[in-house]
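J.: Structure below; questions to follow.
The values are calculated or read from the model by the stated rules, or taken from the named source; none is laboratory data. Computed from a predicted structure; not experimentally measured. With ideal geometry, Cβ positions are generated from the backbone for all residues, glycine too; neighbour counts draw on all protein chains shown. For the accessible areas, the whole protein counts, side chains as well, though only heavy atoms, and no ligand, DNA or RNA atoms are used. Shrake-Rupley method; radii C 1.70, N 1.55, O 1.52, S 1.80 Å.
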Amino acid sequence: MRVHGDVKPPEVAAGSMPNKPGRAWVRLTQNAKQEKDEDGHTGWVYDEYITEVEDTPGLLDEVKANYDNLLREAKANEKSKADLVAENEELAAQNATLKQQVVALTDQQSFYEDCIAEMAQIVYA
């Protein structure tokens, strides 16, 4: 994924995941270039890939030793923006369908309750 940042990123970064004991995140960056935007602000533009690995002692050394494999894995796991947009549109369509189904079921439930109330009035009248 193409990222814009204020500082030059390290080529490799890793850290434990507090919400997932025994797991760690690994961030790999490539093609870091310093650029100026249209407002004249200087920043960094680079490709960033993130993956999850087992948290081990000496994690950073292990990541550096397996850099190529981890980079290949992280790239394979990345979804393109077009894929995410398509997935979002599909989920929005499913959400609309589900909302219509909920409304229809609510109306049907109300109808059944009215029928039961009407039958109860006849039986117990």
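J.: Let me know the number of lysine pairs in the chain closer than 20 Å at the Cα, not counting same-chain pairs under 8 apart.
T.: The result is 5.
J.: Using a Gaussian network model of the chain with C-alpha springs under 10 Å, which one of E113, E73, E52 is most mobile by mean-square fluctuation?
T.: E113
J.: Still on this structure, please answer the following. Over the chain, calculate the relative contact order: mean separation of alpha carbon pairs under 8 Å at least 6 apart, over the residue count, as a percent.
T.: 20 percent
J.: Moving to a separate point now. At 1.4 Å probe size, with every protein chain present, just tell me what the per residue accessible area of the chain comes to in Å².
T.: With the other protein chains kept in place, the chain gives 77 Å² per residue.
J.: Skipping prolines and chain starts, which residues have an amide H placed within reach, meaning under 5 Å, of the one on D55, given they are 5 or more residues away or on another chain?
T.: Here R23, A24 satisfy the definition.
J.: Starting from 0.36 nm per residue, how many nanometres of slack lie between L91 and Y124 once their C-alpha separation is accounted for?
T.: The span from L91 to Y124 would gain 7.0 nm if fully extended.
J.: Report in % the part of the accessible area of the chain that belongs to carbon and sulfur, leaving out ligands and nucleic acids; probe 1.4 Å.
T.: Details: 5130 of 9650 Å².
Here carbon and sulfur together make up 53 percent of the probe-accessible area.
J.: Now for a separate question. As I understand it, the dipole of the chain uses +1 on the Cβ of Lys and Arg and -1 on the Cβ of Asp and Glu, about the Cα centre. Which of Q108, V63, N88 lies farthest toward its positive end?
T.: It is V63.
J.: Continuing with this model, one more query. 222 nm [θ] for the chain, helices only, -39500 (n - 2.57) per DSSP H run of 4+, per residue, to 500?
T.: -17000 deg cm²/dmol
J.: Taking the Cα centre of the chain as origin, sum charge times position over the Cβ atoms of Lys and Arg (+1) and Asp and Glu (-1), and report the length of that vector in debye to the nearest 20.
T.: 400 debye
J.: Note the listed values (i) 19.3, 72; (ii) 25.5, 83; (iii) 26.9, 85, then indicate which one is Rg and Dmax of the Cα atoms in Å calculated from this particular structure.
T.: It is the value labelled (iii).
J.: Using θ = phi - 60° and the Karplus curve 6.51 cos²θ - 1.76 cosθ + 1.60, what whole-Hz ³J(HN,Hα) does each residue of segment 89-105 get, with Gly and Pro shown as x?
T.: Karplus values, whole Hz, x for Gly and Pro: 5, 5, 5, 5, 5, 5, 4, 4, 4, 5, 4, 5, 5, 5, 4, 5, 5.
J.: Please state the charge dipole magnitude for segment 35-81, taken about the Cα centre, from unit charges on C-beta atoms (+1 on K and R, -1 on D and E), reported in debye and rounded to the nearest 20.
T.: Numbers: 6 positive and 14 negative charges, 39 e Å.
The dipole of segment 35-81 has a size of about 180 debye.
J.: Continuing with the same structure: Can you compute 3J(HN,Hα) from phi for each residue in segment 113-125, using the Karplus curve 6.51 cos²θ - 1.76 cosθ + 1.60 with θ = phi - 60°, rounded to whole Hz and x for Gly and Pro?
T.: Along segment 113-125, the couplings run 4, 5, 4, 5, 5, 5, 5, 5, 5, 5, 5, 9, 6 Hz.
J.: Among Y112, Y49, Y67, determine the one that fluctuates most according to a GNM of the chain built with springs between C-alpha atoms less than 10 Å apart.
T.: Y112
J.: Right, another one. Cut-off 10 angstrom, C-alpha nodes, Gaussian network model of the chain. Which of V102, V63, V53 fluctuates the most?
T.: Looking only at V102, V63, V53, the biggest GNM fluctuation is shown by V102.
J.: Run the simple label-point estimate for A104 and K64 please: 7 Å along Cα→C-beta, distance reported in nm.
T.: Placing both labels 7 Å beyond Cα along the Cβ direction yields 6.1 nm.
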